[in-house]
Every structure is written in C-alpha cells, then in structure tokens.
Amino acid sequence: MLVQASGLVKQYPRVRALDQVSLEIKEGEVFGLFGPNGAGKTTCLRVLSGLTQPDAGSATVCGIDVRAAPNEVRRELGILIDIPFPYEEVTVRRYLSFFAEMAGVPAYDIPMKVEWALTLLGITHHRESRIGKLSMGERQRTELARVMLGNARMLFLDEPFSNVDVSMRIGLRSILRDWVSRGGSILFTSHNLLESEAIVDRYAFLHLGRIIALGTARELKSTLLAPAYELEVGDVDRGLAALRAIPHQSLERAGRGLVRIGLVSRDDAPRIARTLVEANVDLLEMRSLGTMEDVYSRLTLPTPQPPQGLTR
Amino acid sequence: MISWEERLRHIVAIVDKDRRLPLWMWLTTFLIATLGFLFFLGPALNSARYYSQFSWKWYDSSLRLYYAISAGLTSLILGLTFARVHYGEVHRGTIRSIILYPVDMNDIAIAKLLSSLIVAAALSTMLFFGIFGAFFLVGEWPIADFLVIHVTALAMSFLALAVGVFLAQAIAHVAGRMVVSPTALGAIFLLLSVLFTETGLTAIGTQVAYLLRPSAGGLTQPAYEAIVAVAKALSVLSPHHVGARIVGIAFGLTNFWADFHVVVPLALLVFAGGYLLGKKLYLDIFIR
C-alpha cells in the first residue's frame with residue numbers, strides 16, 4: 001500500500017475538516033477523492049502530504065509516517081495544488097529547472113528532464129516565455145510538467161484538468177495512465193466526475209469531513225443506483241408495450257426512437273434484449289444510464305434527484 | 001530523515017533563484033550610487049585640495065558617524081531585500097509552490113536570509129561606493145578601513161535580522177500561527193539594533209528628557225549623565241554597538257571589551273530555540 005490512513009481527524013476552530021477518515025491506496029492505482037466544496041478534500045491532501053498536522057489518527061505515505069516525518073513525505077510526492085501561484089517573472093525553462101533541483105533531480109540531468117517534461121506537456125514552444133504571459137491552460141500544463149519532473153512515487157493532483165482544453169485533457173489522461181502503468185499511484189481530486197470515470201480506479205466521497213462511500217465506479221453504481229438503460233429501438237410504441245412485462249420502476253419515451261427503462265433489479269437486464277427480440281422490435285443500441293455524477297448526487301444532495309428518478 | 005546534503009541543495013536552489021534581481025533594481029541602485037558619487041565629488045576634490053597635507057586619522061566621533069551611516073544603509077537594504085524574498089513570496093503566494101517539496105521552516109528561513117544577505121551585500125556596497133567613492137578616488141579616505149566598517153555593519157545587521165526571523169518562528173510555534181511575520185520581526189530587530197546603540201539611545205533619551213522637562217531651559221548635567229549611563233547599560237543589547245566596538249578596537253581607538261557577552265549568547269539562544277521549534281512547525285502556517 002502506498003497510502004494507509006486511519007482515523008484522521010482535523011479540527012479547525014469552526015469546522016471539523018476531517019472526521020475519522022480512513023483510506024488505502026495501492027500501487028498502480030488512481031484514487032479519486034470527491035465531494036462538494038468544503039468537504040475536506042484539500043485538507044486530506046495537505047495532511048497526507050505532511051503540510052497540515054492532523055489532530056488524531058495516523059497515516060503512512062510511501063512507507064513514511066506523516067506525523068513522524070511530515071517534510072520527508074514530500075520527497076516521494078509530486079503535488080499539484082488547486083490554485084497554483086507560479087513565479088510569473090521567470091521563463092518556463094527556468095521555472096522547471098528550479099523545481100527539478102528542488103525535486104532532487106541531479107544537476108547534469110536537469111536540462112534533459114526539463115526538455116522531456118516540456119515535450120510531454122506540449123509546451124516546448126513556450127520554453128523561453130515568461131509564465132506571467134501564458135494563458136491559464138498553458139500555466140496548468142506548466143504546473144503539470146513541474147509535478148512530472150521529479151522522481152515521485154505518487155502524485156497528489158488537486159483539480160489537474162481545470163483550465164485545460166479537451167484535446168489536452170485526453171492527452172493528459174493518457175500521460176497519467178502511462179505513469180500509473182509504470183507503478184506510480186495518483187490521488188486525484190476533481191469536480192468533474194464524468195471526466196474522472198476515464199481515469200479513476202477507485203473513488204472516495206467526502207462529505208462534511210467524512211468518507212461516506214468508497215469503492216470502484218461499478219461497486220458504487222450497483223450499490224447506490226438502480227439499473228437504468230436507454231434503448232434505441234425500431235418502434236417505440238411496440239417497444240414500450242413489450243418492456244412492460246419486465247419489473248420496472250420507470251418506463252418512458254425519451255425522444256425519437258428512444259426508450260428509457262429503470263429496472264427494479266440488475267438481474268433483469270439481460271431480459272431487455274430478449275423481450276424486444278421476442279416482440280419483434282429492433283434493438284439498435286442499449287446504453288447503461290447512471291453516471292458517477294448520479295452517485296454523487298445520491299450521496300451528497302439532501303433531496304437526491306437522479307435523472308431517471310431511479311434510486312434504491 | 002532529510003540529509004544535510006539534500007537540505008543544502010534545496011537552500012542553494014532557493015538562494016540561486018532569489019539572488020536574481022530584476023534589471024530595474026540594479027539600474028536604480030546604480031543610478032542612486034552614481035548620483036551620490038557626483039554629489040560628493042566636489043566636496044571630495046575640495047577636501048583633497050585643502051587637507052592633502054594631513055593624513056587620515058580615526059577618532060571616536062568620526063568612527064561613530066561613519067559606522068552609523070553604514071549601519072543605517074545596510075539595515076535598510078537588508079530589511080528591504082528580506083521583505084522582497086520572504087514576505088514577497090508569502091504575499092504573492094509563490095511560497096505555496098516551494099513548500100510542496102521536502103523542505104522545512106528552517107531551510108526556508110536560512111535560504112531567505114542567505115539570499116537577502118547576498119543581494120544586500122551587492123546593493124549596499126554599490127551605494128557605499130557611490131556615497132564615499134569620491135573620497136576614496138581622490139585618496140582622502142582609507143578605503144580598507146571604510147570597507148571594514150561596512151562589512152562589520154552588514155554582518156551585525158544580518159545578525160539582528162536573523163534573530164528576528166528565528167524569534168518569529170519560535171513565537172509561531174508557541175502561538176500555533178504566524179502571529180508576527182519573520183519579515184516584520186526582522187525589521188523591528190534591525191531598527192532596534194540601530195536605536196539601541198549608545199549614540200542612538202543617548203539621542204532618543206535626551207529628546208525625551210527635553211520634551212518632558214518640568215520647566216523651560218536645557219537639560220541639567222546630572223540628567224544628561226544619567227541618560228548616557230542608561231544608554232551605555234542598554235547598548236550591550238545592540239549588535240551594532242558590538243560591531244562599532246570591534247572596529248574601534250581594531251583601529252586602536254579603545255581598549256574596552258567588545259561587549260559581545262550579551263548579544264552573542266542571546267542570539268545563540270534565539271537561534272537554537274527558533275531552529276528547534278521551527279523544525280516542528282507544519283508548513284501550512286504559510287497558507288492558513
């Protein structure tokens with residue numbers, strides 16, 4: 001395990017930012033920490049990176065006890081904070097060289113490493129640009145280059161894809177996936193749950209400082225959401241009539257050629273295609289509904305409103 | 001455990017970053033130094049013409065004057081450069097990037113102190129030569145003696161600043177938050193080290209006594225002597241008093257003890273306390 005945290009508590013004067021938080025992150029895993037603003041995500045990252053002292057509980061990161069050696073922990077980490085404050089007056093190359101030095105990259109290796117990071121993040125043309133002149137997206141890429149420079153075993157990324165355009169996001173996801181495939185791990189926070197599904201292996205949902213759900217996307221969806229599907233059929237009326245035979249919570253027309261069905265039990269899913277075939281209705285496409293956003297709503301909103309009205 | 005080599009590498013990296021001043025700062029300093037040089041060139045040439053038959057001799061009064069100028073200059077420049085590299089980073093938020101690496105509070109304090117010392121040494125020496133350079137050029141004043149004064153004043157200003165910085169760390173640990181910033185406390189100590197010299201305290205004491213005097217008229221001799229006695233007693237707290245004494249002894253002006261029996265132990269105590277308590281500080285103290 002790269003991260004083992006048990007019973008972490010952080011109390012601020014007016015709010016309990018972390019309340020008995022326990023989690024484990026394995027090697028080669030992308031672990032997503034999600035929750036509304038003020039849920040305790042950033043505090044959790046700070047405690048695990050040795051920047052903030054926990055009031056109770058214990059945690060080891062890469063085998064280092066964060067309470068015993070809070071500053072040493074960061075040698076093993078590449079940390080991206082949600083709102084970076086880079087040195088605006090220096091060039092990208094100097095900025096990265098400085099942080100490569102801070103990350104312990106040997107002096108003779110720094111120019112090569114910097115060049116590698118610039119190429120990886122697609123900002124070679126900004127090598128000699130001052131950071132203050134870069135757009136927000138380019139700054140974010142520079143920050144990611146900074147994080148990737150060191151010899152970190154684990155990345156703590158707070159909102160890594162903010163201000164980055166779609167094509168770059170796709171590229172970044174593949175960079176991070178590649179990094180993980182080489183044995184690294186990522187602790188990842190984001191507000192974009194839909195996007196996170198492409199990269200996160202396991203989720204923890206924080207609410208008011210507590211972990212209220214933990215598991216893979218599949219586990220969480222099957223636990224918290226009723227199975228719902230959107231079907232593209234040849235004849236909607238006949239399709240609706242046939243599907244009434246399957247136990248369901250909801251069944252409705254969802255547009256031209258589309259039907260939405262919310263089942264009572266996931267075990268009934270195979271019956272959908274069979275029933276439509278028996279009724280001689282063409283099934284053109286069948287998509288599973290229910291995203292991690294629905295899981296999030298289910299967990300954190302006072303009156304959950306999943307799109308299909310399907311909750312257990 | 002973070003090794004000394006690793007800590008040193010971090011400190012050197014931060015110093016290397018901070019010592020790079022924007023061009024306008026160098027140009028402004030150079031301009032002020034040049035104007036100072038031109039301003040004093042006339043008096044220096046006159047002095048060379050009329051007093052060339054006399055060789056330079058140090059007196060207690062002249063040493064006090066030139067040491068005071070150096071102390072004021074180095075304190076001002078050192079305070080400003082430390083504010084730029086330390087408070088400036090905290091204020092702009094860039095310190096948040098540095099603390100993401102395996103550094104502790106002491107590494108940051110030491111690095112910032114060293115970088116401000118390097119920058120202040122460069123800038124203040126430039127100004128020093130700007131102010132006094134004309135007299136050196138015409139051969140009126142002994143350049144080596146003046147450099148000794150300047151370097152001693154710089155070292156003593158640095159000592160005062162460092163005490164303030166490490167004391168701020170100790171206070172932050174006790175209070176649980178940055179009650180007073182290292183820059184602010186460093187600046188206070190820089191100011192106090194100038195004010196707490198014998199000359200400084202006597203000047204302040206006489207002004208206060210004059211304002212508080214019961215009736216019209218000047219200060220009485222016993223009152224003045226009492227002020228001087230108090231100033232002498234308190235001046236042992238000032239690094240600049242120690243610095244001036246050391247220079248006075250070096251120039252053969254006095255046989256008095258250099259008075260570092262108070263300043264040095266106190267400074268060492270603050271450094272040790274600040275360092276040990278600083279090691280325990282969590283770095284979110286910069287962002288809380």
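The values are calculated or read from the model by the stated rules, or taken from the named source; none is laboratory data. None of the values given here were measured: they were computed from a predicted structure. We place every Cβ from the backbone using ideal geometry, glycine too, and count neighbours over all the protein chains shown. Remember, those area values only see protein heavy atoms, side chains included, never the ligands or the DNA or RNA. Shrake-Rupley method; radii C 1.70, N 1.55, O 1.52, S 1.80 Å.
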Open item on the list: Quick check on B:Val194: is it under 20 Å from the mean Cα position of the chain (by Cα) and closer than 23 Å to B:Gly278 by Cβ?
Closed with: no
- [ ] For residues that are more than 9 Å from every other protein chain (Cβ to nearest Cβ) and in contact with a Lys or Arg (Cβ under 8 Å, 6 or more places away or on another chain), scanning just the stretch B:106-117, find the one that is farthest from B:Leu127 (Cα to Cα).
- [x] B:Asn106
TODO: Please enumerate the residues belonging to the stretch B:76-94 that are closer than 20 Å to A:Thr42 by Cβ and either touching a Lys or Arg at 6+ places or on another chain (Cβ under 6 Å) or more than 8 Å from chain A (Cβ to nearest Cβ) (or both).
DONE: B:Val90
TODO: Check A:Arg93, A:Arg46, A:Arg14 and return the single one that is touching a helix residue (DSSP H, G or I) at 6+ places or on another chain (Cβ under 7 Å), outside any strand (DSSP E or B), away from chain B (no Cβ under 12 Å) and open to solvent by 50 Å² or more (accessible area, probe 1.4 Å).
DONE: A:Arg93
Task: Qualifying residue in the stretch A:133-142 (condition: touching a Lys or Arg at 6+ places or on another chain (Cβ under 9 Å) and touching a residue at least 40 places away in the same chain (Cβ under 8 Å)) - done: yes
Open item on the list: Looking at A:Met154 and the list (1) open to solvent by 50 Å² or more (accessible area, probe 1.4 Å); (2) modelled with pLDDT of 90 or more, which single condition is not satisfied?
Closed with: (1)
- [ ] Would you mind finding the one in A:Gly32, A:Gly57 that is surrounded by 15 or more Cβ atoms within 10 Å (Cβ to Cβ), more than 10 Å from chain B (Cβ to nearest Cβ) and closer than 30 Å to A:Gly137 by Cβ?
- [x] A:Gly32
TODO: Collect the residues in the stretch B:64-102 that are open to solvent by less than 20 Å² (accessible area, probe 1.4 Å), within 30 Å of A:Leu48 (Cβ to Cβ) and assigned to a helix (DSSP H, G or I), keeping them in residue-number order.
DONE: B:Val85, B:His86, B:Gly88, B:Glu89, B:Ile95, B:Ser97, B:Ile98
TODO: Among the residues of the stretch A:17-73, count how many are touching a residue at least 40 places away in the same chain (Cβ under 8 Å) and among the acidic types (Asp, Glu).
DONE: 4
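Each row is one residue, and each column tells you yes or no for (1) in the same structural domain as A:Pro160 (by TED's automatic domain parsing); (2) part of a helix (DSSP H, G or I); (3) under 18 Å from A:Ile211 (Cβ atoms); (4) out of contact with any helix residue (DSSP H, G or I) (no Cβ under 7 Å at 6 or more places or on another chain).
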residue: A:Gly7; (1), (2), (3), (4): yes, no, yes, yes
residue: A:Gln20; (1), (2), (3), (4): yes, no, yes, yes
residue: A:Leu23; (1), (2), (3), (4): yes, no, yes, yes
residue: A:Leu33; (1), (2), (3), (4): yes, no, yes, no
residue: A:Asn37; (1), (2), (3), (4): yes, no, yes, yes
residue: A:Leu51; (1), (2), (3), (4): yes, no, no, no
residue: A:Arg75; (1), (2), (3), (4): yes, yes, no, yes
- [ ] Give B:Gly164, B:Gly176, B:Gly133 a once-over and let me know the one that is in contact (Cβ under 8 Å) with a residue 60 or more places away in the chain and not hydrophobic (A, V, I, L, M, F, W, C).
- [x] B:Gly133
- [ ] Kindly indicate which of B:Leu65, B:Leu73 is in contact with a helix residue (DSSP H, G or I) (Cβ under 8 Å, 6 or more places away or on another chain) and farther than 20 Å from B:Leu185 by Cβ.
- [x] B:Leu73
